[in-house]
Amino acid sequence: MGNMTPLYQQHVAMGAKVVDFGGWDMPLHYGSQIEEHHQVRRDAGMFDVSHMTVVDIKGARVRDYLRHLLANNVDRLKEPGKALYSCMLNADGGVIDDLIVYFMEDGWFRMVVNAATHDKDMAWLNEQAGAFDVQLEERTDLAMIAVQGPNARERIHQAIPAGAERAGALAPFFAAMVDGLFIARTGYTGEDGYELMVPNDQVEGLWMRLAELGVKPIGLGARDTLRLEAGMSLYGSDMDETTTPLESGLAWTVAWEPEDRDFIGRAALNRQRQAGVARKLVGLVLEDKGVLRNHQKVIVDGLEDGEITSGSFSPTLGHAIALARVPAGIGATCQVELRGKLVTARVVKPPFVRHGKICV
């Protein structure tokens with residue numbers, strides 16, 4: 001048995017197929033991954049994401065610490081509750097993890113990092129903290145639920161009526177304390193909705209209230225196809241410590257200004273930018289029959305081969321899509337080696353789907 005979230009027994013009672021995910025026993029699906037995918041695109045679904053790591057970072061120099069630690073610039077966070085997506089890099093510019101950080105108040109930021117990278121993330125955060133005299137508190141007392149879909153916000157407002165007005169006023173990528181809960185208008189599906197941090201002893205009650213309002217539980221399988229359609233990268237597949245944000249479709253998360261902000265990995269990224277980035281992350285849409293899978297070879301005429309980093313059948317498009325790291329000079333089409341056979345794929349700019357609409 002692996003680690004279990006406070007909602008584990010609810011997953012079992014709801015018929016989940018449980019699998020190991022980064023050392024956690026998590027629901028893969030509750031019967032039909034495709035039905036769960038469509039549920040989120042068309043209505044509302046809820047995900048248990050309590051396996052993710054929440055860290056509160058406090059101290060007089062916490063902003064200086066994060067300016068040094070992250071490739072994106074926390075000086076953009078001026079209003080309490082504002083969120084920022086960023087990569088945390090090593091000295092070579094490789095991605096240690098991708099994360100979201102929230103500005104709570106002066107001297108306090110909240111960070112959410114990935115479950116599978118917990119140990120190395122916490123070691124890195126603590127290693128860098130010493131020079132800035134900040135305190136790190138891992139919030140193991142909090143569980144997390146993501147509620148996503150075109151009707152997600154309405155369902156949340158029904159579930160927490162005392163805080164509905166405050167939650168409804170949140171702009172995208174903002175968070176607030178609402179009726180005793182931390183609610184962020186963020187997500188990993190390409191749909192609108194919220195991510196909620198809830199005390200462990202209250203999360204089961206909220207989960208069941210949402211279920212009574214018709215919000216279906218969604219497993220890791222549909223979470224992956226939803227994020228892939230939305231063109232959202234997955235750590236360990238689309239980027240890791242051997243790749244930089246510039247070759248992972250995440251150049252937009254690197255804040256180059258001001259020039260004197262010496263964040264970890266900046267010098268390496270500068271060298272790569274000046275030399276020209278040889279590889280980039282693109283979207284692929286399969287023009288032939290078949291399913292695109294991780295690690296399949298991508299053949300680009302006259303250039304080196306690339307590789308699919310994330311591939312799957314897209315329930316919304318009705319055929320296979322992928323993210324692939326390929327030579328920067330790729331054209332409008334390429335070929336993918338699928339079981340010894342070459343199939344044609346169209347090269348596109350993600351996302352494939354956003355807010356329920358096909359974009360490619």
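What share of Cα pairs, in percent, lie more than 40 angstrom apart in the chain? Don't skip to the answer; put the middle values down first.
Details: 8148 of 64620 pairs.
Roughly 13 percent, rounded to a whole number.
Can you tell me the FRET efficiency between GLU138 and VAL291 if r is taken as the Cβ-Cβ distance and R0 is 51 Å, rounded to the nearest 0.05? Intermediate results must be reported in sequence, preceding the final value.
On the way: r = 39 Å, r/R0 = 0.75.
Rounded to the nearest 0.05, the efficiency is 0.85.
Normalized C-alpha radius of gyration of the range 165-267, against 2.2 N^0.38 Å?
It is 1.38.
In order along the range 231-245, the Karplus-derived 3J(HN,Hα) couplings, from 6.51 cos²θ - 1.76 cosθ + 1.60 at θ = phi - 60°, round to x, 9, 6, 10, 5, x, 10, 8, 7, 7, 6, 8, 10, 9, x Hz, and Gly and Pro are given as x. Taken about its Cα centre, the chain carries a charge dipole of roughly 1060 debye when the Cβ of each Lys and Arg holds +1 and the Cβ of each Asp and Glu holds -1. Plugging the Kirkwood radius over Cα pairs into Stokes-Einstein for the range 1-107, at a temperature of 10 °C and a viscosity of 1.306 mPa s, what D comes out in µm²/s? Value of D from the Cα-based Kirkwood radius: 95 µm²/s. Summarising the amide proton neighbourhood of VAL353: residues at separation of 5 or more, or on other chains, whose placed amide H is nearer than 5 Å comprise ALA230, GLY231, CYS359. Would you mind pulling out the separation of the Cα centroids of the range 1-34 and the range 162-238, in Å? The range 1-34 and the range 162-238 have Cα centres spaced 17 Å from each other. When the C-alpha to C-alpha distance is required to be over 31 Å, the pairs from LYS17/LYS120; LYS17/LYS341; LYS17/LYS78 that qualify are LYS17/LYS341; LYS17/LYS78.
Averaging 1/r over each pair of different alpha-carbon atoms in the range 50-183 and inverting the result gives 15.8 Å, the Kirkwood hydrodynamic radius.
How big is the antiparallel share of DSSP beta bridges in the chain, given as a percent to the nearest 5?
Values: 77 of 81 bridges.
In the chain, approximately 95 percent of DSSP beta bridges are antiparallel ones.
For the chain, averaging the sequence separation of C-alpha pairs within contact (under 8 Å, six or more residues apart) and dividing by the residue count gives a relative contact order of 18 percent. Given the range 298-337 reduced to its alpha-carbon atoms as identical point scatterers, what log10 I(q)/I(0) does the Debye formula return at q = 0.14 Å⁻¹? One equal scatterer on each Cα of the range 298-337 leads to -0.33. For the range 4-64, the normalised intensity computed at q = 0.17, 0.18, 0.29 Å⁻¹ comes to -0.67, -0.71, -1.27 (log10 of I(q)/I(0), Debye sum over alpha carbons, equal scatterers, no solvent). Once the convex hull of all Cα atoms in the range 134-220 is built, its volume per residue stands at 118 Å³. Identify which of HIS295, HIS68, HIS11 has the largest mean-square fluctuation in a Gaussian network model of the chain, with springs joining Cα atoms closer than 10 Å. Comparing HIS295, HIS68, HIS11 in the GNM, the peak value goes to HIS295.
Taking the charge dipole of the chain about its Cα centre, with +1 at Lys and Arg Cβ atoms and -1 at Asp and Glu Cβ atoms, the residue from VAL55, SER314, THR253 reaching farthest to the positive side is SER314.
Among 339-347, 151-159, the peptide with the highest mean count of other Cβ atoms within 10 Å heads the list, and the full ranking is 151-159, 339-347.
Among ASP192, ASP141, ASP97, the largest mean-square fluctuation in a Gaussian network model of the chain (Cα springs under 10 Å) belongs to ASP141. Note: the range 227-345, Cα convex hull, 113 Å³ per residue. Highest average first, the peptides 219-226, 254-261 ordered by how many other beta carbon atoms sit within 10 Å of their residues are 219-226, 254-261. Springs join every pair of Cα atoms under 10 Å in this Gaussian network model of the chain, and among VAL101, VAL74, VAL277 the largest mean-square fluctuation is at VAL277. Taking amide H as placed 1.01 Å from N in the peptide plane, the amide H of MET239 sits under 5 Å from that of LEU234, each at least 5 places away or on another chain.
Bear in mind that the values in this text are calculations on the coordinates, not laboratory data. The structure displayed is predicted, hence computed values, not measured ones. Counting neighbours? That spans all protein chains shown, and the Cβs are built from the backbone with ideal geometry, glycine included.
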